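K.L.:
This structure is in structure tokens; I'll ask about it shortly.
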Amino acid sequence: MGKLVFASTNEGKIKEVCNIFSDTGISIIPMNELGSIPEIEEDGLTFEDNAFKKAKIVFQKFGLPTIADDSGLSIEQLGGRPGVLSARYAGEGCSYSDNNEKVLSELDGLPEPHRAQFITMALFYNGRAVQRAVGKLPGKIIHEYRGTNGFGYDPIFVPDGYELTLAEMTLEEKNRISHRAKAFNELKEILLTTEV
Ligand code: IMP
């Protein structure tokens with residue numbers, strides 16, 4: 001397997017995933033380098049549904065083995081929400097800060113700590129085989145915005161074992177411990193050790 005198409009247009013993710021595979025001899029090709037694909041709606045009920053949908057559409061378009069991912073934040077006291085709705089929790093077209101505000105207002109008055117985890121499903125599809133790997137980053141939500149790095153829910157999320165929010169960490173620090181890094185590192189191991 002010399003090449004893998006990555007079903008993402010997110011520059012940050014592309015950089016991170018290229019970096020993870022850089023010691024393998026497998027080159028990661030962002031899908032935009034091969035052609036354009038209309039935006040894929042993430043309307044599945046699970047992270048796996050969404051990751052598979054992305055991988056399948058991109059595989060069908062280019063006919064090359066493809067990797068994709070889907071991720072989000074799951075908060076215990078909210079029954080796992082925002083979950084697959086993480087990107088648009090406060091409604092279509094909402095901002096990261098709208099989403100953070102909605103989460104914090106729903107947690108208002110509930111006892112702390114607000115246990116939560118980021119989850120990523122990373123998935124490989126080549127028309128025959130599917131391989132999956134899940135990465136989790138456990139932590140808690142705090143009622144305060146701290147830090148300006150990262151994106152999404154990073155300013156209100158403190159990973160277990162740390163005092164800093166994800167938005168107060170450097171990108172390198174975050175990438176060392178992130179749910180996405182764990183999922184793609186595991187997927188890499190699976191692909192390097194399994195006939196697909
Ligand atoms: P995606 O499926 O990886 O694009 O992520 C969906 C949504 O989950 C994002 O728009 C963010 O709101 C949230 N999310 C996923 N990963 C992270 C992260 O590492 N930090 C903060 N928010 C994240």
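K.L.:
Could you tell me whether Glu106 is more than 10 Å from the ligand (Cβ to nearest atom) and in contact with a helix residue (DSSP H, G or I) (Cβ under 7 Å, 6 or more places away or on another chain)? Outline the logic, then answer.
P.N.:
Details: more than 10 Å from the ligand (Cβ to nearest atom): yes; in contact with a helix residue (DSSP H, G or I) (Cβ under 7 Å, 6 or more places away or on another chain): yes.
Spelling it out, Glu106 is indeed more than 10 Å from the ligand (Cβ to nearest atom) and in contact with a helix residue (DSSP H, G or I) (Cβ under 7 Å, 6 or more places away or on another chain).
K.L.:
Which pairs turn up if I take residues in region 133-146 that are more than 19 Å from Lys102 (Cβ to Cβ) and look for partners that are in a loop (DSSP other than H, G, I, E, B) and modelled with pLDDT of 95 or more with beta carbon separation below 7 Å, at least 6 apart in sequence or on another chain?
P.N.:
Matching pairs, first to second residue: Leu137/Ser178; Pro138/Asp160.
K.L.:
Pull up region 33-60, narrow it to residues that are assigned to a loop (DSSP other than H, G, I, E, B) and among the polar types (S, T, N, Q), then point me to the one that is nearest to Gly80 (Cα to Cα).
P.N.:
Here the answer is Thr46.
K.L.:
Here are some conditions: (1) in contact (Cβ under 8 Å) with a residue 40 or more places away in the chain; (2) in a strand (DSSP E or B). Ile28 meets all but one. Which one does it not meet?
P.N.:
(1)
K.L.:
Among the residues of region 61-120, write down those that are part of a strand (DSSP E or B) and polar (S, T, N, Q). Quick ask: steps written out before the conclusion?
P.N.:
Step one: filter region 61-120 for residues part of a strand (DSSP E or B), giving 66-75, 82, 114-120.
Hits for region 61-120 are Thr66, Ser71, Ser74, Gln117, Thr120.
K.L.:
Among (1) outside any loop (DSSP other than H, G, I, E, B); (2) open to solvent by less than 30 Å² (accessible area, probe 1.4 Å), which single condition is Val134 missing?
P.N.:
The number of the failed condition is (2).
K.L.:
Within the bounds of region 80-96, is there any residue that is of a type in the set (Ser, Thr, Tyr), open to solvent by 40 Å² or more (accessible area, probe 1.4 Å) and under 28 Å from Glu173 (Cβ atoms)?
P.N.:
yes
K.L.:
Looking only at region 1-25, filter to residues that are farther than 21 Å from Arg176 by Cβ, touching a helix residue (DSSP H, G or I) at 6+ places or on another chain (Cβ under 9 Å) and in contact (Cβ under 8 Å) with a residue 60 or more places away in the chain; which one of those is surrounded by the fewest Cβ atoms within 10 Å (Cβ to Cβ)?
P.N.:
Ranking the candidates gives Met1 first.
K.L.:
Of (1) away from the ligand (no atom under 12 Å from the Cβ); (2) within 17 Å of the chain's Cα centre (by Cα), His143 satisfies all except one. Which?
P.N.:
Among (1) away from the ligand (no atom under 12 Å from the Cβ); (2) within 17 Å of the chain's Cα centre (by Cα), the lone unmet condition for His143 is (2).
For (1) in contact with a strand residue (DSSP E or B) (Cβ under 8 Å, 6 or more places away or on another chain); (2) open to solvent by 60 Å² or more (accessible area, probe 1.4 Å), each residue gets a yes or a no:
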{"residue": "Arg115", "(1), (2)": "yes, yes"}
{"residue": "Tyr145", "(1), (2)": "no, yes"}
{"residue": "Thr148", "(1), (2)": "no, yes"}
{"residue": "Asp154", "(1), (2)": "no, no"}
{"residue": "Asp160", "(1), (2)": "yes, yes"}
{"residue": "Glu168", "(1), (2)": "no, yes"}
{"residue": "Ile177", "(1), (2)": "yes, no"}
{"residue": "Lys188", "(1), (2)": "no, no"}
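K.L.:
Every residue in region 69-82 that is free of Cβ contacts under 8 Å to residues at least 24 places away in the same chain and near the ligand (Cβ under 10 Å from one of its atoms), please.
P.N.:
The answer is Pro82, and nothing else.
K.L.:
I need the full set of residues from region 26-76 which are within 30 Å of Glu112 (Cα to Cα) and either touching a Cys at 6+ places or on another chain (Cβ under 8 Å) or open to solvent by 70 Å² or more (accessible area, probe 1.4 Å) (or both), in order please.
P.N.:
Scanning region 26-76 gives Leu45, Glu76.
K.L.:
Now a separate question. For a quick check of your reading of the model, give me the residue pairs whose first member lies in region 150-178 and is farther than 22 Å from Val103 by Cα, whose second is outside any loop (DSSP other than H, G, I, E, B), with beta-carbon atoms closer than 7 Å and at least 6 apart or on different chains.
P.N.:
These pairs meet every condition: Asn175/Glu16; Asn175/Ala181; Ile177/Leu137; Ile177/Pro159.
The values are calculated or read from the model by the stated rules, or taken from the named source; none is laboratory data. Quick caveat: nothing in here was measured; it's all calculated off a predicted structure. All Cβ positions, even for glycine, are placed from backbone atoms using ideal geometry, and neighbour counts span all protein chains on display. Note: areas computed on protein heavy atoms with side chains; ligands, DNA, RNA excluded. Shrake-Rupley method; radii C 1.70, N 1.55, O 1.52, S 1.80 Å.
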